[in-house]
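Below: one structure, written as structure tokens.
The values are calculated or read from the model by the stated rules, or taken from the named source; none is laboratory data. Since we're looking at a predicted model, the values are computed, not measured. In this analysis, Cβ positions are derived from the backbone assuming ideal geometry, glycine residues included, and neighbour counts consider all displayed protein chains.
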Amino acid sequence: MLTNRIAEKVDYTNVVDIWNQSVKATHHFLSKKDKDLYQNVIPNFFEKIELMLWYENETLIGFSGVDKQELVMLFLDPQFIGNHYGTQIIDWLKMNRNISSIDVNEQNENALKFYLKQGFEIDSRSEKDGFDKPYPILHLKYRNV
């Protein structure tokens, strides 16, 4: 059964580890230099969002981060990708946190397909990401189907 809890500072090392594993498996378009940059700055955002850890029984499978009604982070340990955990997490966040938007890297085609399947649609596009890097971002909105 999928459960969650709010992350604490003591959890941040595990969160960064899952982020690193997930990005290594899914973000092949990132340069090593940019991946290292993001890995170093991502912990700066943990205190500014609702950072949740997600578990299957006692096993940590991933984390999400929500800021108001925006899903700003969703990363799963790669061994759990494709097992419908992402769908369960999104469903819970839609019902319990009223998420209505998310940004996704345009080059991350599998993530884009996943979010579109979850009822999100492309609202707009930015040529660069929030760090002014050349990774186009698609801004998605939930279409309340």
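Side notes on the structure shown:
- Candidates 5, 97 - the one that is modelled with pLDDT of 95 or more, under 24 Å from residue 138 (Cα atoms) and of a type in the set (Lys, Arg): 97
- Annotation: of all residues in segment 108-133 being in contact (Cβ under 8 Å) with a residue 60 or more places away in the chain and crowded, with 17+ Cβ neighbours inside 10 Å, the one that is nearest to the chain's Cα centre (by Cα) is 111.
Yes or no, residue by residue, for (1) assigned to a helix (DSSP H, G or I); (2) under 20 Å from residue 23 (Cα atoms):
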site	(1), (2)
83	no, yes
88	yes, no
99	no, no
102	no, yes
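- Scanning segment 61-81 turns up at least one residue that is part of a helix (DSSP H, G or I), within 15 Å of the chain's Cα centre (by Cα) and surrounded by 12 or more Cβ atoms within 10 Å (Cβ to Cβ).
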